[in-house]
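**Q** Structure in structure tokens, see below.
Bear in mind these aren't lab numbers, they're just calculated from the coordinates by the rules spelled out. Please read these numbers as outputs of a predicted model, since none were measured by experiment. Note that we place each Cβ from the backbone using ideal geometry, even for glycine, and neighbour counts take in every protein chain shown.
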Amino acid sequence: MTREQAWQIVCEFIQNDALRRHSLAVEACVSAYARKFSQEGKEVDPELWAVTALLHDFDWEIHPQAPDHPVKGELILRERGVPEVIRRAILSHATYTGVPRESLLEKTLFACDELAGFLTAVSYVKPTRSIHEVDVRSVRKKMKDKAFARAVNREDIVNGAAELGVELDEHIDFCIRAMQARADELGLQGTWGQAQAAADPAPPQQ
């Protein structure tokens, strides 16, 4: 399956722009890890990783309750001919399915899912509403605030980094940078560029 085919499925089943952007945010983080692991000499299929990330929540609107998501969604993907390696990774990103996370892809998807959503939430409360204004310190501070983005499971963020074998702050920083690289596409550019220009105006003409 190609990334384009996966995106067509996402757009077929997801009408909510915010949920579509979440799929793209998870893809940004997962794909960045795919590049990193590939550079380290590990066997990684970047397109397969991108497809998996895009499809992980494709059925959320039609199956908003656990365990329907992603269990019933997996059946739809099977009917569409989506490879088992992708379907298994999607099942494993939900702890209640009982599918253990074994492969590097499965661990990476789980590690990036909740964190990508949390980073988006942190971006929205910044003055410029931009991912460019987010840093590790502000994320860790918001993680301690139980009233903030309470739907995001903090334990999954912590456990995801641990399962991936990455220090939490390093993981947060890595995903921030991955999402910054695609800020426009994710709707997270905000007014950061304008704020930067205002803070550092061009020198006067001679």
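**Q** Take a quick pass over the chain and tell me how many lysine pairs come in under 24 angstrom between Cα atoms, counting only ones 8 or more apart or on separate chains.
**A** 9
**Q** In nm, to one decimal, how far is the Y124 label point from the I62 one, both placed 7 Å along Cα→Cβ?
**A** 2.5
**Q** Another one. Expressed in whole Å with the largest first, what are the equivalent ellipsoid semi-axes of region 53-97 derived from the C-alpha gyration tensor as the square root of 5 times each eigenvalue? Intermediate results must be reported in sequence, preceding the final value.
**A** On the way: eigenvalues 44, 27, 15 Å².
Listed largest to smallest, the semi-axes of region 53-97 are 15, 12, 9 Å.
**Q** While we're here: For D135 and T2 in the same chain, what is the full-extension length gain: residue separation times 0.36 nm, less their Cα-Cα distance, in nm?
**A** Full extension from D135 to T2 adds 44.6 nm.
**Q** Taking the Cβ-Cβ separation of D17 and D45 as r and a Förster radius of 41 Å, what is the calculated FRET efficiency to the nearest 0.05? Mind dumping the intermediate values first?
**A** On the way: r = 29 Å, r/R0 = 0.70.
Rounded to the nearest 0.05, the efficiency is 0.90.
**Q** Let me know the charge dipole size of the chain about its Cα centre in debye, to the nearest 20, where only the beta-carbon of Lys, Arg (+1) and Asp, Glu (-1) is charged. Mind showing how you got there, number by number?
**A** Numbers: 25 positive and 32 negative charges, 108 e Å.
Roughly 520 debye, rounded to the nearest 20.
**Q** Semi-axes of the equivalent ellipsoid for region 3-186, please: Cα gyration tensor eigenvalues, times 5, square-rooted, ordered largest first, whole Å.
**A** 24, 18, 16
**Q** Something else now. If one takes the longest principal axis of the Cα atoms in the chain, at what angle in degrees, from 0 to 90 and to the nearest 10, does the Cα axis of helix 68-79 lie?
**A** So the inclination is approximately 70 degrees.
**Q** Name the residue farthest towards the positive end of the dipole of region 1-156 from the options A50, V122, L105, assuming +1 on Cβ of Lys and Arg, -1 on Cβ of Asp and Glu, about the Cα centre.
**A** Farthest towards the positive pole: V122.
**Q** Take every Cα pair under 8 Å in the chain that's 6+ residues apart, average their separations, divide by the length, and report that relative contact order as a whole percent.
**A** Over the chain, the number comes to 21 percent.
**Q** Compute the length gained on full extension between R78 and A181: take 0.36 nm times their separation in residues and subtract their Cα-Cα distance, giving the result in nm to one decimal.
**A** Contour length minus the Cα-Cα distance gives 33.8 nm.
**Q** Please give the helix 168-180 orientation as an angle from the longest Cα principal axis of the chain, in degrees from 0 to 90, rounded to the nearest 10.
**A** 80
**Q** Which of the listed residues, L91, S38, S23, is farthest toward the dipole's positive end in region 3-186, when Lys, Arg count +1 and Asp, Glu count -1 at the beta-carbon?
**A** S23
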